[in-house]
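Just so it is clear, none of the values below were taken in a lab; they were calculated from the coordinates. In this text the structure is predicted, and so the values were computed from the model without any measurement. Neighbour counts are summed over all protein chains in view; Cβ atoms, including those assigned to glycine, are modelled from backbone coordinates with ideal geometry.
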Protein chains: 2
Amino acid sequence: MSNFQTNLEKYAELAIKVGVNVQKGQTLVINTTLEGAELVRLIVKKAYEIGARNVIVNWSDDTVNRTKFDLAPDDIFKEYPEHRAKEMIELAEQGAAFMSVISSSPDLLKGVNPERIANWQKASGTALKQYRQYIQSDKVSWTIVAVPSQGWADKVFPDAPKEERIHKLWEAIFKATRADVENPVAAWKEHDETLHEKVNYLNAKHYKKLHYKAPGTDLTIELPKKHIWVGAGSINENGHEFMANMPTEEVFTVPVKTGVNGTVASTMPLSYAGNIIDKFSITFENGRIVNVKAEEGEEILKQLVETDEGSHYLGEVALVPYHSPISQSNILFFNTLFDENASNHLAIGSAYAFCIEGGKKMSQEELAENGLNESLTHVDFMIGSPKMDIDGIKEDGSIEPIFRNGNWAF
Amino acid sequence: MSNFQTNLEKYAELAIKVGVNVQKGQTLVINTTLEGAELVRLIVKKAYEIGARNVIVNWSDDTVNRTKFDLAPDDIFKEYPEHRAKEMIELAEQGAAFMSVISSSPDLLKGVNPERIANWQKASGTALKQYRQYIQSDKVSWTIVAVPSQGWADKVFPDAPKEERIHKLWEAIFKATRADVENPVAAWKEHDETLHEKVNYLNAKHYKKLHYKAPGTDLTIELPKKHIWVGAGSINENGHEFMANMPTEEVFTVPVKTGVNGTVASTMPLSYAGNIIDKFSITFENGRIVNVKAEEGEEILKQLVETDEGSHYLGEVALVPYHSPISQSNILFFNTLFDENASNHLAIGSAYAFCIEGGKKMSQEELAENGLNESLTHVDFMIGSPKMDIDGIKEDGSIEPIFRNGNWAF
Ligand SMILES: [Zn+2]
Ligand SMILES: [Zn+2]
Ligand SMILES: [Zn+2]
Ligand SMILES: [Zn+2]
């Protein structure tokens, strides 16, 4: 086996055993682009070998999608196929595991009428709302992994010879996901423990607020009384561990919806709905976004904020040290799965129920009473840099350093 | 543009304009294997350019399917995904057009437990029954086109160098579908007219019976009083023409379910459900299959006959002269879409309602009263050869030659 084949096998193994951690008799749903074929075939085989009852592969093609956005009539973007949504919801109800294999070019939908994109985001968000609740409350196991596409590799390695770019992106993905080490499953176990030490420290502190300072950023974020910091491995309704993102370097919790004030500046480009949004800042008053500016993609950013009422508020606060491996690789992936793990970030949109004590069993109303935001959308954006300091403010007003110069201060 | 690209463009154009003949505002459903990506992307673009409202592409992968047949538990093959079936039925009700892009290796499922295959055929046949009725009664437009896969090309051109086989199969497909001529759409119009001359001749004759004689074959087939011969272009419920198969060289009608007697010998291998059935003969008494023998794939052939009650009877009688272009190419495609157009053939299973006067508006009961067979399945098998003679027997007992030495006798 070539080195590439060995790493691909290990990556498939990670996706199955650490990512969704498929159980005997379980159904696995894989949503993938055509570029994922080689990896997906390995994953399907390993899933059945472990004893999966069924593996459902839903393929899609970026070129077909782009052609549709360019040429189909307007009204089609307001309709999400009803039976596909029902199928996903039923599979979640039945306890299936869900894997996404992504590879989109960051510029896939550049130049498309932003209204079409916004309509489609809204239609799919609405149709898949129940499914998303299963995912976002960690009731079912889910994971996201990535494979290169030519368009994506062109964006990440524009200076490399064209024929080497996909290979270089594979190498970067293997490195970021620890698929290239001797025993990736053991490496992930160790990594999981490291992140849990940070989680335990922060949870013992019960900070009332976080205060962010950096060039262009002066932001205060209130945390719910019963907030919980989480990181790395999650546990589903049946008690099985899974890793929702591969890679993952973040430790995160939820903000109080109405407790965010000040301005925050982005530090990395954000690839959203097939477009790049870059060099932007967002201003909050009592949690609500009152102003956005962007040097690139401002229209798309505004459409994102206008998705629904909840997309005017934050749903996630995540801490990633500047010396994280992905950040140190100095590769800008133009893909949130990777870039969010290189940088402190926030998310516009819905909050995770499991980030609050008892949240998994709360109704939407109870979650809202505890300060959690709800929205059709959830989009991470990166704000970390080596110039960022973060303080934790306790109930009694005392202040403790959490981050200094972009890295953990404890 | 290379010669290949030019032909691929013309093939896409044929599939859209002659095959399904997509209308402005119509939805097109494409069921395709991953190997179809390059062609399908062209087809999607052309469909939207003509004014299609939506193009739904359902991808599947032969390797994933084979892995499932090898490794999944038994019971999964008895379940067809309910929402997928409902979606297909609704789309047919709404007047969508349906295109299949096929490329399976003829040996795809070789060695798989035949019971799994039979269960899956039965489950999908049952779940998609209503959808199939839309197709088989020509209420909606549909077509089947083919693209090479490595496994298929290996089977058709085993003696060519490995790296040339896919190219050779493309050439053979372009030739058989007339995609390589100067003006393919015009060529198909002319071809359509030629086949209609044969159709008109046979319809004017009102034969009561056909009598087949060839080595291993002595078979009499009664035709329903109101039978209609058809060929080439079809017309859907809304009056739009379409070409259900590309290529198509056949002129065909339906037998009286209980009016088939004698024995018929196959003259070409039959690729069915991922297996090859070869050198077989079938004996009928009052229409019912009472004996089958096969040198290869006998078990699969028996499973096919046991699908349901209707799969013990014939549903189609088709005439193709031995000097048809596909036959003259001397290429054995191991694929019914091509091989049925090189040879006289019959089909086990359901009969087409449009092959009887007023049939499109008849209930299942009325169709049965007129002698038409009903089944979950419909599988063509080839019986033509240069040694085949066919007589037409009229109501008054007079006999006229239809085929002599494998070719039209009129
Ligand atoms: Zn995050
Ligand atoms: Zn997030
Ligand atoms: Zn036929
Ligand atoms: Zn047929």
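Quick look at the numbers
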quantity: Top of A:Gly95, A:Gly358, A:Gly310 by mean-square fluctuation, Gaussian network on chain A, Cα under 10 Å; calculated: A:Gly358
quantity: Share antiparallel - DSSP beta bridges, chain B, percent rounded to 5; calculated: 75 percent
quantity: Inter-copy spacing of B:His323 label points, which lie 7 Å from Cα along Cα→Cβ, given in nm from shortest upward; calculated: 8.6
quantity: Nearest-first distances (nm) between copies at B:His167, label 7 Å from Cα via Cβ; calculated: 2.4
quantity: Neighbour-count order for A:Thr67, A:Thr283, fewest beta carbons within 10 angstrom listed first; calculated: A:Thr283, A:Thr67
quantity: Proxy reagent accessibility, fewest Cβ within 10 Å first, across A:Ser327, B:Ser324; calculated: B:Ser324, A:Ser327
quantity: Cα gyration tensor category, rounded, prolate or oblate, for region A:94-251 with a/c compared to 1.5; calculated: rounded
quantity: Computed Rg/Rh of region B:3-180, alpha carbon atoms with Kirkwood Rh; calculated: 0.99
quantity: Amide hydrogen neighbours beyond the local backbone of A:Met99, cut-off 5 Å, H modeled; calculated: A:Val29, A:Ile30, A:Asn31, A:Thr143
quantity: For chain B, the longest site-free run once GluC sites (Glu not before Pro) in DSSP loop states with at most 14 other Cβ atoms within 10 Å are removed; calculated: B:80-181
quantity: Region A:109-126-region A:293-359 distance, computed between alpha-carbon centres (Å); calculated: 19 Å
quantity: Dipole magnitude of the protein assembly as shown about its Cα centre (Cβ charges: Lys, Arg +1; Asp, Glu -1), debye to nearest 20; calculated: 160 debye
quantity: Inter-probe distance in nm under a simple model that places probes 7 Å from Cα toward Cβ, at A:Thr263 and B:Val290; calculated: 9.3 nm
quantity: CD proxy at 222 nm, helix term only [per DSSP H run n ≥ 4: -39500 (n - 2.57); per residue of chain A; nearest 500]; calculated: -10000 deg cm²/dmol
quantity: Chain B: relative contact order as a whole-number percent, Cα under 8 Å and 6+ apart; calculated: 15 percent
quantity: Unit charges on C-beta of K, R, D, E only; dipole of region B:172-260, Debye; calculated: 600 debye
quantity: Karplus (6.51, -1.76, 1.60) ³J(HN,Hα), θ = phi - 60°, over region A:56-68, in Hz, Gly and Pro reported as x; calculated: 9, 10, 9, 8, 9, 10, 4, 5, 4, 4, 5, 4, 4
quantity: Two-site FRET efficiency, A:Ile235 against B:Tyr80, from Cβ-Cβ distance with R₀ of 45 Å, rounded to 0.05; calculated: 0.85
quantity: Hz values of 3J(HN,Hα) by residue in region B:290-301 - Karplus curve (6.51, -1.76, 1.60), Gly and Pro given as x; calculated: 10, 7, 9, 9, 8, 6, 10, x, 4, 4, 5, 4
quantity: Beta bridges per DSSP with both ends in region B:3-180, % antiparallel, nearest 5; calculated: 0 percent
quantity: Cross-link table A:Lys17/A:Lys139; B:Lys86/B:Lys279; B:Lys110/B:Lys213; A:Lys213/A:Lys360; A:Lys78/A:Lys155; A:Lys361/B:Lys68, entries beyond 28 Å C-alpha to C-alpha; calculated: B:Lys86/B:Lys279; B:Lys110/B:Lys213; A:Lys213/A:Lys360; A:Lys78/A:Lys155; A:Lys361/B:Lys68
quantity: Sorted by Cβ neighbour density within 10 Å, fewest at the top, the residues A:Lys155, B:Lys162; calculated: B:Lys162, A:Lys155
quantity: Whole-number percent relative contact order across region A:8-145, with pairs defined as alpha carbons under 8 Å at least 6 apart; calculated: 32 percent
quantity: Estimated D of the protein assembly as shown in µm² per second, where Rh is the Kirkwood radius over Cα pairs and Stokes-Einstein applies at 37 °C, 0.692 mPa s; calculated: 111 µm²/s
quantity: Loop trypsin sites (Lys or Arg not before Pro), region B:1-63 (other Cβ atoms within 10 Å of the site Cβ: 12 or fewer; DSSP); calculated: B:Lys24
quantity: 20 Å binning of all Cα-Cα separations within chain A, expressed as whole percents from 0 upward; calculated: 27, 63, 11, 0
quantity: Relative contact order (percent, whole number), region A:25-71, Cα cutoff 8 Å, 6+ residue spacing; calculated: 52 percent
quantity: Three-way shape call for region A:254-334 based on the alpha-carbon gyration tensor, with the a/c threshold at 1.5; calculated: oblate
quantity: Amide proton proximity set for B:Ala146, modelled H, under 5 Å, gap of 5+; calculated: B:Ile102
quantity: ³J(HN,Hα), Karplus 6.51/-1.76/1.60, whole Hz, each residue of region A:378-393, x for Gly, Pro; calculated: 7, 10, 6, 9, 8, 10, x, 6, x, 9, 9, 10, 10, 10, x, 10
quantity: Trypsin sites (Lys or Arg not before Pro) within region A:88-131: DSSP coil, no more than 13 neighbouring Cβ in 10 Å; calculated: A:Lys110
quantity: Three-way shape call for region A:285-410 based on the alpha-carbon gyration tensor, with the a/c threshold at 1.5; calculated: oblate
quantity: Choice from B:Ala85, B:Ala214, B:Ala72 showing the highest fluctuation, given a GNM over chain B with Cα pairs closer than 10 Å; calculated: B:Ala72
quantity: At R0 = 60 Å, FRET efficiency that the Cβ-Cβ distance of B:Ser281 and A:Glu90 yields, to 0.05; calculated: 0.80
quantity: Copies compared at B:Asn407 - label distances in nm, ascending, label defined 7 Å from Cα in the Cβ direction; calculated: 8.7
quantity: Stokes-Einstein D for region A:12-73, Kirkwood Rh over Cα pairs, 25 °C, 0.890 mPa s (µm²/s); calculated: 193 µm²/s
quantity: Virtual spin-label span in nm between B:Gln150 and A:Lys189, 7 Å along Cα→Cβ; calculated: 3.6 nm
